[in-house]
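To start, the structure under review is shown below, and the notes come after it.
The values are calculated or read from the model by the stated rules, or taken from the named source; none is laboratory data. From a predicted model like this one, the values you see are computed outputs, not experimental measurements. Note that each Cβ is placed from the backbone with ideal geometry, even for glycine, and that neighbours are counted across all protein chains shown. Please note that ligands, DNA and RNA were not included when accessible areas were found on the heavy atoms of the full protein model with its side chains. Shrake-Rupley method; radii C 1.70, N 1.55, O 1.52, S 1.80 Å.
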Amino acid sequence: MSSSASGKLAHANISNGWFRESGAMWPGQSMNIEVNQVLHVEKSKYQDVLVFESKTYGNVLVLDGVIQVTERDEFSYQEMITHPALFSHPNPERVLVIGGGDGGVLREAIKHPQVKEAVLCDIDEAVIRVSKKYLPSLSVSYADPKVAVHIGDGFEFLQNKKNYFDVIITDSSDPVGPAESLYQSRYYELMRDALRDGGI
């Protein structure tokens, strides 16, 4: 954890009360959000984890300097990444979410009455832990008995699953760092093999 001279939590991406996201993936642009207070700063085994309370977007989860989710508008992402696939499948009983440690995709998936099992595989337990504490409207899904959590690499997890899932949703961060393997052709082959006939 990083703290300032006043003892409050601090982070390198926050200056003069504003969080700034910028990077090589998005040249020529940046995203700025006004910060009320820093809630959590951690360097996990895999990435830099930051949660702050913003002035207008609620709590914000940031991984390696990149905004992952804000409470204000998270629904637009979670709903669109989840429901088209589940509504397209005639009977999505078994759902796998790779990544998505904030729990939002799981929350949407278990709204479908046909879902009997929803598995989340995320490499970083820190994301799940801080989301349970600071993003309760997303992480509420972890309390559902249909939900199972596997902490580990999604690429490796899929190697042991064959013909099992009806729907697989990849909710990963950008194709650098811990999510890099999730953007390779072998990963898509493993997903295909893990799906039952008619899987999406």
Candidates 117, 125, 71, 79, filtered to the one that is open to solvent by 30 Å² or more (accessible area, probe 1.4 Å), closer than 24 Å to residue 197 by Cβ and among the acidic types (Asp, Glu): 117
Residue that is farthest from residue 39 (Cα to Cα), among those in the stretch 113-148 that are among the small types (Gly, Ala, Ser) and free of Cβ contacts under 8 Å to residues at least 60 places away in the same chain: 118
Among 54, 88, 44, the single one that is more than 13 Å from the chain's Cα centre (by Cα), under 24 Å from residue 164 (Cα atoms) and modelled with pLDDT of 95 or more is 88
For the stretch 16-60, what are the residues that are open to solvent by 50 Å² or more (accessible area, probe 1.4 Å), more than 20 Å from residue 172 (Cβ to Cβ) and part of a loop (DSSP other than H, G, I, E, B)? 16, 22, 27, 28, 29, 30, 55, 56, 57
With the structure loaded, tell me whether residue 98 is open to solvent by 20 Å² or more (accessible area, probe 1.4 Å), in contact (Cβ under 8 Å) with a residue 24 or more places away in the chain and part of a strand (DSSP E or B) or whether it fails that test. no
Just one of 111, 133 is surrounded by fewer than 21 Cβ atoms within 10 Å (Cβ to Cβ) and part of a helix (DSSP H, G or I); which is it? 133
